[in-house]
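Every read-out reported here was derived from the displayed coordinates using simple, explicitly stated rules and does not represent laboratory data. Remember, it's a predicted structure, so these values are computed and weren't measured experimentally. Don't worry about glycine lacking a Cβ; one is built from the backbone with ideal geometry, like all the others, and counts go over all protein chains shown.
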Amino acid sequence: MTRAQATPAKTRRRQTLRLPALEIRQGPNRRIYTFAIDGKRVSDIAAVARIRRDEQTRLHGYQRPESLAHVAAIRRYLDTDPSPLLPNAIVIAFDERVRFHADKTADERPAFVRSGTLVIPVVADDCPDKPGFIVDGQQRSAAIRDAQLEEFPICVTAFITDTHADQRSQFILVNSTKALSKGLIHELLPEASGALPVPLMVRQVPATLVERVNFSKTSPLHRMIQTPTNPNGIIKDNSMLRMLENSLSDGALYPYRGDNAGPNYGCMIAMLDTFWTAVAEVFPDAWNKPPRRSRLMHGAGIISMGYLMDAIAHQHVTADEVVEVSEFAAGLKAIADDCHWTDGVWPFDDGDRAWNDLQNTTRDIQRLTDYLLARYRRNTQASPAARRGRRRSS
């Protein structure tokens, strides 16, 4: 291995790379391929699929932004160590333009492995239509690309698929034990496929609901939930996910989970849209403000209001109908005078709390939930005249 001040640009590129490889069968339908390549040529065959949304809010890619500090650290190691070693394989997802040609050999070998040649199209640097996407190892690949080395052979593990959902699933699985942003995982989950760890499967339905209410132009929560592709949202995605998980577990959304037939997203979205439309109507002064100015948009408020949604829906919903905005609004108006989202004091049973003293902790969420549910039950059980008298006295 030799070093140079700069890697000279290659003026001529072969149209294909033919690389010795091993094909390994995993299960009845899966094939993975392992091969070696000069790390500086990875960009000829694979791109990095940055996570983003287009103008129609469709999700593209899955990779987090490149960590410049991490890339610089790896590059520094490659450029200064006299015998650098990067033993971990880069993982690449190829599309079906890539072909494997098995060798004709009578050598004894395990039944699940065969040797051959992987034929990979080479695409010009300025063309985005690469046959592969880097699933794991983008920082190492970038560091090798920028290092002052003429070449640096690396190991690649690859699989062939034409579905972005499969690529996203593998990206999640590869990175689920690393320091990967939970928000990124949650945003990728709705369009992932195949077997996932149980904790991620549990969150796939609520993550899908978050995506739909967040990016639907008809939703009252349109672009209000903070995600990697919507960083200006004011509601934390984890708060909304927790609210949805609670309702899916044993609340108003539970009947629509469809354990056998699949989730009834239409009914779930309809209920969420009507409820949060009613919330916006009843609490206009607290709606769509940063959590520091409105505890309604705070984690404690979002999760507690989810329990209130369940309670109100329980009083109205039947097997053949959904709750109307007016019905949710009536239930919310019953406790409106007891809420202190933007000023005042919450008169909890264990002592008064300033409106902005509520924190996103289990104890404060439970305290606020108990308070809202108790006021809702008390106020809706009282007669209209009694409720009017209570409001005048307050």
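Figures for the structure shown
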read-out	value
Built amide H within the under 5 Å cut-off of residue 99, gap 5+	119
Potential extension, residue 38-residue 81 segment - 0.36 nm per residue separation minus Cα distance	13.6 nm
Phi to ³J(HN,Hα) by Karplus 6.51 cos²θ - 1.76 cosθ + 1.60 over segment 328-342, Hz, x for Gly, Pro	5, 4, 4, x, 6, 5, 5, 10, 4, 5, 8, 9, 9, 6, 10
Residue-wise HN-Hα coupling along segment 110-116, computed from phi with Karplus coefficients 6.51, -1.76, 1.60 (Hz; x: Gly, Pro)	x, 5, 8, 9, 8, 8, x
For residue 37, distant residues with modelled amide H under 5 Å away	154, 156
Rg(Cα)/(2.2 N^0.38 Å) for segment 196-393, N = residue count	1.01
Inter-label distance for residue 97 and residue 122, nm, one decimal - labels placed 7 Å from Cα along Cα-to-Cβ	1.4
Gain upon complete extension [residue 345, residue 69; 0.36 nm per residue less C-alpha separation]	94.8 nm
Cut-off under 5 Å, modelled amide H: who pairs with residue 149 long-range	4
R0 of 45 Å, Cβ-Cβ distance residue 151-residue 30: FRET efficiency to nearest 0.05	0.90
Length-normalised contact order of segment 196-393 in % [C-alpha pairs under 8 Å, at least 6 apart]	18
